[in-house]
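Coordinate-derived values only; no laboratory data. Quick caveat, the model's predicted, so the values are computed rather than measured. Note that we place each Cβ from the backbone using ideal geometry, even for glycine, and neighbour counts take in every protein chain shown.
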Amino acid sequence: MGGISEWMNLNMRIALIYNEPKHTEPEDHWLSRSREEVELEKDFRDASEFGVLEESQIIADAIREDGHEVLVFSVDDDIHRLITFLDTENPDLIFNLCEAVLGKASLEMAIAGIYELYDVPYTGSQAIALGISLNKGLAKAIFKANDIPTPAYFIVDEEEFIPDDLNLVYPVIVKPVREDASIGIDNNSICADEDALADRIAFVHKEFHQPALVEEYIDGRELNVAVLANEDGVFETLPISEITFDTMPEGNPRIVSYEAKWVEDSPLYKTTVPQCPADLDVITAERARELALRSAAVVGLNDYGRIDMRLRDSDGALFVLEANPNPDISRDAGFMRAASVKGFSHSQTINAIVHCAMRRVKRKK
């Protein structure tokens, strides 16, 4: 493992930058909902965003344990504060935990672009990879162009209708094309016929003001393959995880919806159970690892990431759903679960990400 050993004991000024949770819903977003529905949906959304507040402190502590000075900074509506912070503090490296700005995940890449304009190295994927991965249609087009199997799909822009030449087999799943963290995915996302599909597309257009991704639903097992770069910057796979649906209430589609991912008191959360390592035969596991490494490469992930897949029950075929740059690295997140099975502590994993990013500090100097 060459190239960074001499930097591991170097005390650095590391800025840990995260985003303040914020929602920017249109004024009429809540008008058609009851008070109970409003509070429930807000709780659902808050669960995925407010976790970063606790996460940032835990990560800062881990970096300090490695001997570095840590400057914790939160990005809010006033981007000029970030500019002033970078001008004033001049950090050696940024640990990037910023996932949205002004309540918009689509602006995540803009913050990374500011780091790049300031020529400050930072952890995780670069701005272009963040933009590609967030746009599910673009990422899937790149997978397809590189012969990486992904479910058949089409994109329906706002004000458009379902194409007459729809070439997918029902059921299909509908997602907002530019959201992450399973936002916009619930039981109604699975559509068994054209009427349900038209309704769901209209819902995505109205609620999220963006195109809808319509994708063939792969009935099968949900796999996650985490990737972590070694000291040479080369990705290696961590033990494969599976989200199991064995105890899910009857009648619910086997998907990881927003509720299943984030709302701990929900029956869906309690019955989408992670298992790591996944119980896979040797050949399937090797195919999954190979697909994960190829997928991470073609969309340009850096340092760490996660590739989500489906293993079809009918024939054992694997399909890449999406690539996730800078996934959740809180203690109970799937990425950290895979790292712990590999034998890494939470602090070791955090500092492995820092050490990999240090290579870019070295190149800069």
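Charging the Cβ of each Asp and Glu at -1 and of each Lys and Arg at +1, and nothing else, the dipole of the chain about its Cα centre rounds to 1500 debye. When the charge dipole of the range 174-321 is built from unit charges on Cβ atoms (+1 for Lys and Arg, -1 for Asp and Glu) and taken about the Cα centre, the candidate among Thr271, His205, Val225 whose Cα reaches farthest toward its positive end is His205. The count of lysine pairs in the chain with alpha-carbon distances below 15 Å, taking only pairs 8 or more places apart or on different chains, stands at 8. Reported value for the chain: 146 Å³ per residue, from the convex hull of its C-alpha atoms.
In the range 86-219, Rg over Rh equals 1.07, where Rg is the alpha-carbon radius of gyration and Rh the Kirkwood radius from pairwise Cα distances.
Assuming charge only on the beta carbon of Lys and Arg (+1) and of Asp and Glu (-1), the dipole of the range 229-289 about its Cα centre is about 200 debye to the nearest 20. Toward the positive end of the charge dipole of the chain, with +1 on the Cβ of Lys and Arg and -1 on the Cβ of Asp and Glu, the farthest Cα among Ala317, Ala112, Asn167 is that of Ala112. Could you give the angle, 0 to 90 degrees to the nearest 10, between helix 108-117's Cα long axis and the longest principal axis of the Cα atoms of the chain? With both axes taken from Cα atoms, the answer is about 30 degrees.
Can you give the net charge of the other residues whose Cβ lies under 11 Å from the Cβ of Ala127, counting K and R as +1 and D and E as -1? Here the charged neighbours net out to -2. GNM on the chain, alpha-carbon springs under 10 angstrom: the most fluctuating residue among Thr244, Thr150, Thr88 is Thr88. Beta bridges per DSSP, both residues in the chain: antiparallel share near 75 percent.
Loop-located GluC sites (Glu not before Pro) in the range 246-350 (DSSP state not H, G, I, E or B) with no more than 15 neighbouring Cβ atoms inside 10 Å: Glu250, Glu264. Computed from label points 7 Å out along Cα-Cβ, the spacing between Glu160 and Leu117 is 3.1 nm.
The distance between label points at His80 and Ala141 comes to 3.8 nm (points 7 Å beyond Cα on the Cα→Cβ vector). If only the Cβ of Lys and Arg carry +1 and only the Cβ of Asp and Glu carry -1, the dipole of the range 154-215 around its Cα centre is close to 240 debye. Helix 194-208: angle to the longest alpha-carbon principal axis of the chain, degrees 0 to 90, nearest 10? Computed tilt is about 40 degrees.
Of the GluC sites (Glu not before Pro) found in the range 135-208, those in coil by DSSP whose Cβ has at most 12 other Cβ atoms within 10 Å are Glu159, Glu160.
Once the C-beta distance of Glu207 and Asp281 is scaled by a Förster radius of 56 Å, the resulting FRET efficiency is 0.85 to the nearest 0.05. Extension gain for Asn188-Glu65 works out to 39.7 nm (0.36 nm per residue, less the C-alpha to C-alpha distance).
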